[in-house]
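Just below is one structure, and these are the notes that go with it.
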Amino acid sequence: MKTYTAVKRRWLRDPATKKAYDALASEYALSELIIRRRIERGLTQKELAKKIGTTQSAVSRLESGRYNPTIDFLRILAKALNRELKISL
C-alpha cells in the first residue's frame, strides 16, 4: 500500500495539479487530515465506511472534497478514527 504522502508528492510534481491544489489549499485541509488518519489506522475506505455506517463511495466523496459533512457526521468519523473532533475559528 502506498502512503498518502508518497501519492500526494507524486501528484504535486505536475505544475497544473500543484497550482490547482494551492488555490484550494484550505478546502483540502480536512480531506487531507481524514485520509492521513484513515491510513494511519490501516483502514481502507470500505472498512472506514463500515465502521461509520455508510458506503465506500460516501467516504470517497468526503476525501475528495465533493461532500460537505455535518458536524454530527464528523463526530462519528472522528470516533471511528480514535480521534476527538475539535473545531476552531
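Readers should treat all values here as calculations from the given coordinates under stated rules, not as data from a laboratory. Everything numeric in this text was worked out from a predicted model, so none of it was measured. Because the Cβ atoms are built from the backbone with ideal geometry, glycine has one as well, and the counts that use them run over all protein chains shown.
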Run the simple label-point estimate for Glu40 and Thr3 please: 7 Å along Cα→C-beta, distance reported in nm.
1.3 nm
Contact order relative to length for the chain, counting C-alpha pairs under 8 Å separated by 6 or more residues, stands in percent at 21 percent
Set of lysines near Lys50 by C-alpha distance (under 30 Å), chain-local residues within fewer than 8 positions excluded
Lys2, Lys8, Lys79, Lys86
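Divide by every residue of the chain the summed helix terms, -39500 (n - 2.57) for each DSSP H run of at least 4, and state the resulting mean residue ellipticity at 222 nm, rounded to the nearest 500 deg cm²/dmol. Intermediate results must be reported in sequence, preceding the final value.
Details: 6 runs with 60 residues, N = 89.
Mean residue ellipticity, 222 nm, calculated: -20000 deg cm²/dmol.
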